[in-house]
Amino acid sequence: VQLVESGGGLVQPGGSLRLSCAASGRTFSSYCMGWFRQAPGKEREFVATISRSGSSTYYADSVKGRFTISRDNAKNTVYLQMSSLKPEDTAVYYCAAASVGTAITSHFSLYDYWGQGTQVTVSS
């Protein structure tokens with residue numbers, strides 16, 4: 001599976017942005033998908049995950065209520081809608097795919113495939 005993120009950019013605090021992650025291959029719907037982020041000088045951290053059917057989601061406390069993960073299996077794409085953005089959301093955002101059956105996971109080590117990342121900068 002090859003993953004390509006898009007939609008990053010510069011946004012003011014309080015603004016919104018939607019990230020997309022397009023997957024190649026015909027097995028997209030068999031993967032749990034996740035979003036992670038890495039700020040300069042910090043470790044990569046979990047943001048959100050969605051089950052292969054889209055029926056289950058889970059968020060990091062830092063983004064709960066502000067970010068929404070969704071997927072369109074017909075388009076082989078997973079999205080991250082980000083609202084009420086804060087400067088501390090500034091990071092490179094990565095999407096990833098995990099083979100965990102019907103489960104969801106926030107564990108970095110369980111993700112098999114990663115995109116190249118897209119930069120999100122929240123600044124006035």
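Points worth noting:
- In the range 53-82, the residues that are within 20 Å of His107 (Cβ to Cβ), part of a strand (DSSP E or B) and touching a residue at least 40 places away in the same chain (Cβ under 8 Å): Thr57, Tyr58, Val78, Leu80
- Residue check, Ala103 crowded, with 19+ Cβ neighbours inside 10 Å and either touching a residue at least 40 places away in the same chain (Cβ under 8 Å) or among the aliphatic types (A, V, I, L, M) (or both): no
- Of all residues in the range 83-96, those being open to solvent by 30 Å² or more (accessible area, probe 1.4 Å), of a type outside the set (Ser, Thr, Tyr) and not in a strand (DSSP E or B) number 3.
- Qualifying residue in the range 62-72 (condition: closer than 18 Å to Val1 by Cβ and either crowded, with 19+ Cβ neighbours inside 10 Å or aliphatic (A, V, I, L, M) (or both)): yes
- Evaluation of Val100 against the conditions (1) in contact with a helix residue (DSSP H, G or I) (Cβ under 7 Å, 6 or more places away or on another chain); (2) at pLDDT 95 or above; (3) not polar (S, T, N, Q) shows that the sole unmet condition is (2).
- For the range 18-29, filtered to residues that are on the phi < 0 side of the Ramachandran plot and modelled with pLDDT under 95, the residue that is least open to solvent (accessible area, probe 1.4 Å) is Phe28.
- The number of residues in the range 30-52 that are part of a strand (DSSP E or B) and either open to solvent by less than 10 Å² (accessible area, probe 1.4 Å) or touching a helix residue (DSSP H, G or I) at 6+ places or on another chain (Cβ under 9 Å) (or both) comes to 12.
The values are calculated or read from the model by the stated rules, or taken from the named source; none is laboratory data. From a predicted model like this one, the values you see are computed outputs, not experimental measurements. Because the Cβ atoms are built from the backbone with ideal geometry, glycine has one as well, and the counts that use them run over all protein chains shown. Please note that ligands, DNA and RNA were not included when accessible areas were found on the heavy atoms of the full protein model with its side chains. Shrake-Rupley method; radii C 1.70, N 1.55, O 1.52, S 1.80 Å.
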